[in-house]
Amino acid sequence: MKLGEIVAPTIKELFIQRLEELILSGELRPGNPLPTEREIADEMKISKTTVHEGLRELIRLGFLETEGRKGVRVADYAQTGNLDTLLAIMRYRDGRLDSTTLRSMLDARGYLEYPAFEALAESHTPEDVARLTTLAEEAAHAAEISDDALAEALFRYHRTVTFLSGNTITPLILNAFLPACINSWKTHIRRVGREHCVRRLEEFTRCIEAGDGSGAVRLLREDHDGFIQELDSGVSRAEAARKRR
């Protein structure tokens, strides 16, 4: 067995990580101007070339933006970012998202999954149903092991639905959300219980087999809405607690 070479991060990668941390922690806020490249290089004791290349990458990620001759400033990455930006956010937060970003991710999943469930219900093969049945059975076995195992099984089922629907891009997007998806699935499992999650997959499979796409979407929307309502109530309780202090 070959273990492979261990490669340390480059100075450029460390520089990018440092600025991402400052932005995501709120120390640097949208609109804040950055010092010149020379000033940054001198303060951080790194080369001006490293700073220049790092800033270019942070601009590509949507964390920074240029404003003509005024130099570089912190951008509102929610507007200027891309999928790589989301991955950087999840790395910083170890796959955990704040309530606003989590709600947005659930909404995005709905945009992706609702049409997939409807499309698969409308046009599926016996092999598709058999595959979903197997995944639902695997989820039932995973539920006997742990929340982590069940969360991964739930993710595989939903990703497979999007793949079988014929859209080859949607599964790739869901894979990009993997750490956050697993964490949100575990939260959902704790909220509704393992039995509910397993039963839901069986219901999805029956709806798809019967060609009832609207029924599958109704069930999926019910779970999404319930998750968001609990998320909102949790935020409300946190705000009330802050006010009491």
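The values are calculated or read from the model by the stated rules, or taken from the named source; none is laboratory data. Keep in mind the model is a prediction, meaning the values are calculated, not measured. Methodologically, a virtual Cβ is constructed for each residue, glycine included, from the backbone with ideal geometry; neighbour enumeration extends over all protein chains shown. These accessible areas exclude ligands, DNA and RNA; they are computed on the full protein's heavy atoms, side chains included. Shrake-Rupley method; radii C 1.70, N 1.55, O 1.52, S 1.80 Å.
The set of residues from the stretch 108-145 being surrounded by fewer than 16 Cβ atoms within 10 Å (Cβ to Cβ), charged (D, E, K, R) and without any contact (Cβ under 8 Å) to a residue 40 or more places away in the chain comprises Glu127, Glu137, Glu144. Scan the stretch 118-176 for residues that are in contact with a Cys (Cβ under 9 Å, 6 or more places away or on another chain) and of a type in the set (Phe, Trp, Tyr) and the total you get is 1. Leu87 falls short on exactly one of the conditions (1) under 30 Å from Ser233 (Cα atoms); (2) loosely packed, with under 15 Cβ neighbours inside 10 Å, and that condition is (2). Here Gly62 clears all of (1) buried (at least 17 other Cβ atoms within 10 Å of the Cβ); (2) part of a helix (DSSP H, G or I); (3) not hydroxyl-bearing (Ser, Thr, Tyr) except the condition numbered (2). Of all residues in the stretch 1-31, exactly one satisfies the criterion of being farther than 19 Å from Arg60 by Cα and open to solvent by less than 50 Å² (accessible area, probe 1.4 Å), namely Gly26. Considering the conditions (1) closer than 20 Å to Glu67 by Cβ; (2) surrounded by 15 or more Cβ atoms within 10 Å (Cβ to Cβ); (3) under 24 Å from the mean Cα position of the chain (by Cα), Leu34 is excluded by exactly one of them, (3).
Any residue in the stretch 9-35 that's touching a residue at least 60 places away in the same chain (Cβ under 8 Å): show its pairings with residues that are assigned to a helix (DSSP H, G or I) and open to solvent by 60 Å² or more (accessible area, probe 1.4 Å) at Cβ separation under 6 Å, as long as the two are six or more apart or on different chains. Filtered contacts from the stretch 9-35: Leu24/Tyr92.
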